[in-house]
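**Student:** There's a structure below that I have some questions on.
The values are calculated or read from the model by the stated rules, or taken from the named source; none is laboratory data. Owing to the predicted nature of the structure, the values given are computational and were not obtained by experimental measurement. Note: ideal-geometry Cβ built from the backbone for every residue, glycine included; neighbour counts use all protein chains shown. We work out accessible area using only protein heavy atoms, side chains counted, and drop any ligands, DNA or RNA first. Shrake-Rupley method; radii C 1.70, N 1.55, O 1.52, S 1.80 Å.
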Amino acid sequence: MTDGFDFKAYLSQARERVEAALDGSLAPERPESLREAMRYSLLAGGKRLRPILCLAACELAGGDGELAMPTAVALEMIHTMSLIHDDLPAMDDDDLRRGRPTNHKVYGEAVAILAGDALLTRAFEMVSLRSPGVPPDRLLKVVGELSLVAGAPGLVGGQVVDLESEGKDVDLDTLEYIHLHKTGALLSACVITGATIGGADEALIAALRVYARGIGLAFQIIDDILDITASSEVLGKTAGKDLIADKTTYPKLLGLEESRRRADALVREAKAVLKPWEQRSMPLLALADFITSRDR
Ligand code: GRG
């Protein structure tokens, strides 16, 4: 379905646009120490999958991707804050993220918490005050999506169930709940907010919700697999953490082979729902494949 589409070139151009927008998003921050801690994690690289999904969904809906850029930046800010907080000693207690020492290792726990808080609130500022040219009713829907994903119905709820499940026997339903909330919800918000800014109709929004659920779960299954099969050097974060923390993962419940088969099936199903929009959905189809083929 993506024959003839130069995904490599698409990805590198999209990443360049996103990096430039991220770089410009923190300019007036004061005090300087806070700005440095925010920039340290926000500009530390990463695949930039979330902002790119947002831009691609906006363009699929027929919109100008540049109008969705502030929201794309906001999504990366929410993602980055969740990584900073996830790495804290009170949570996953990790030393390595995106190939560098974690935020609290460099700036201390208090500043790391506050840098995360500032990124989260800045995300809402990007949408509500720094999104010129987007109709206010669309921005209001975007703010609503982001508030759901960042709160108890999304990341926070998923994280709490994840923490409470450590060292326990967790069934597949609970594991799916954790993944859909910790990982899937934000990926879903990326395509829904992008499509909303692009003026998508109800049919496209409904299809994108199904697409996002599939890629969200597949993304996390691959994450679980990579935690076992890849090195810390390649991942840029500590490998083997799930085993050390005695976490229930897809490979633990289903084995590596069945986990990969499941991820492939989820991506196939996710791509199938975009069939009616085939002509314009090349980037989203290719991004779905990227999720299962990635090595980090
Ligand atoms: C939002 C207030 C608020 C709190 C956050 C800490 C927390 C609550 C949630 C944890 C969410 C979390 C860290 C989920 C893991 C998601 C995941 C698989 C991250 C890795 O994403 P990649 O591979 O990373 O896209 P890069 O570095 O490429 O961006």
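**Student:** Please list the helices of the chain that count as membrane-span-like by this rule: a mean Kyte-Doolittle hydropathy of at least 0.5 together with Cα atoms stretching 27 Å or more along the helix axis, each helix being a complete DSSP H run.
**Tutor:** Membrane-span-like by this rule: 65-86, 109-129, 202-229.
**Student:** Assuming 0.36 nm per residue, please report the length gained on full extension of the stretch Glu166 to Arg280 beyond their Cα-Cα distance.
**Tutor:** 36.8 nm
**Student:** Say the dipole of the chain comes from +1 at the beta carbon of Lys and Arg and -1 at that of Asp and Glu; which of Thr196, Pro132, Leu42 then lies farthest toward its positive end?
**Tutor:** Pro132
**Student:** Taking the alpha-carbon set of the stretch 31-85, what are its Rg and Dmax in Å?
**Tutor:** 12.8, 41
**Student:** Two decimals is fine: what is log10 I(q)/I(0) at q = 0.12, 0.14, 0.19, 0.21 Å⁻¹ for the stretch 135-234, from a Debye sum with one equal scatterer on every Cα and no solvent?
**Tutor:** -0.46, -0.61, -0.95, -1.07
**Student:** Now for a separate question. Can you give the relative contact order of the stretch 1-145 as a percent, counting alpha carbon pairs under 8 Å and 6+ residues apart?
**Tutor:** This gives 24 percent for the stretch 1-145.
**Student:** Next question. Excluding Gly62 itself, calculate the net charge of residues whose Cβ lies under 11 Å from the Cβ of Gly62, where each Lys or Arg counts +1 and each Asp or Glu counts -1.
**Tutor:** Cβ neighbours under 11 Å give a net charge of -2.
**Student:** Where the only charges are on Cβ atoms (+1 Lys, Arg; -1 Asp, Glu), what is the dipole of the chain about its Cα centre, to the nearest 20 debye?
**Tutor:** Here the chain has a charge dipole of around 600 debye.
**Student:** While we're looking at this one, here's another question. Ranked from highest to lowest mean number of other Cβ atoms within 10 Å per residue, what is the order of the peptides 151-158, 57-64?
**Tutor:** 57-64, 151-158
**Student:** Something else: Looking at the stretch 103-183, I'd like the Rg to Rh ratio, where Rg is from alpha-carbon atoms and Rh is Kirkwood's inverse mean 1/r.
**Tutor:** 1.10
**Student:** On the Cα set of the stretch 58-154, report Rg and Dmax in Å, please.
**Tutor:** Rg and Dmax of the stretch 58-154, Cα atoms, are 15.3, 44 Å.
**Student:** May I pose another question? Quick one: pull the percent of accessible area on the chain belonging to carbon and sulfur, 1.4 Å probe, ligands and nucleic acids left out.
**Tutor:** 55 percent
**Student:** As I understand it, the dipole of the stretch 138-281 uses +1 on the Cβ of Lys and Arg and -1 on the Cβ of Asp and Glu, about the Cα centre. Which of Leu180, Ile205, Ala245 lies farthest toward its positive end?
**Tutor:** With unit charges placed on the Cβ atoms, the residue in question is Ile205.
**Student:** Normalising by the residue count of the chain, find the relative contact order in percent from Cα pairs under 8 Å and 6+ residues apart.
**Tutor:** Reported relative contact order: 22 percent.
**Student:** Dividing the convex hull volume of the Cα atoms of the stretch 244-296 by its residue count, what figure in Å³ per residue is obtained?
**Tutor:** Residue-normalised Cα hull volume stands at 92 Å³.
**Student:** How large is the accessible surface per residue of the stretch 70-116, computed with a 1.4 Å probe and reported in Å² as a whole number?
**Tutor:** Heavy-atom SASA per residue in the stretch 70-116 reads 36 Å².
**Student:** Mind checking the alpha-carbon convex hull of the stretch 1-98 and giving the volume per residue in Å³?
**Tutor:** Per residue, the Cα convex hull of the stretch 1-98 comes to 121 Å³.
**Student:** Now for a separate question. To the nearest µm²/s, what D does Stokes-Einstein give for the chain at 20 °C and 1.002 mPa s, using the Kirkwood radius over alpha carbon pairs as Rh?
**Tutor:** 111 µm²/s
**Student:** In addition: For the stretch 71-116, what size does the Cα cloud have along each of its three principal axes, sorted from largest down, in whole Å?
**Tutor:** Cα extents, longest axis first: 29, 22, 17 Å.
**Student:** When every alpha-carbon pair in the stretch 186-296 is counted, what percent end up more than 16 Å apart?
**Tutor:** 61 percent
**Student:** Straight-line reach from Lys247: which lysines fall under 20 Å, measuring Cα to Cα and dropping same-chain residues less than 8 apart?
**Tutor:** Excluding near neighbours in sequence, the set is Lys168, Lys182, Lys237.
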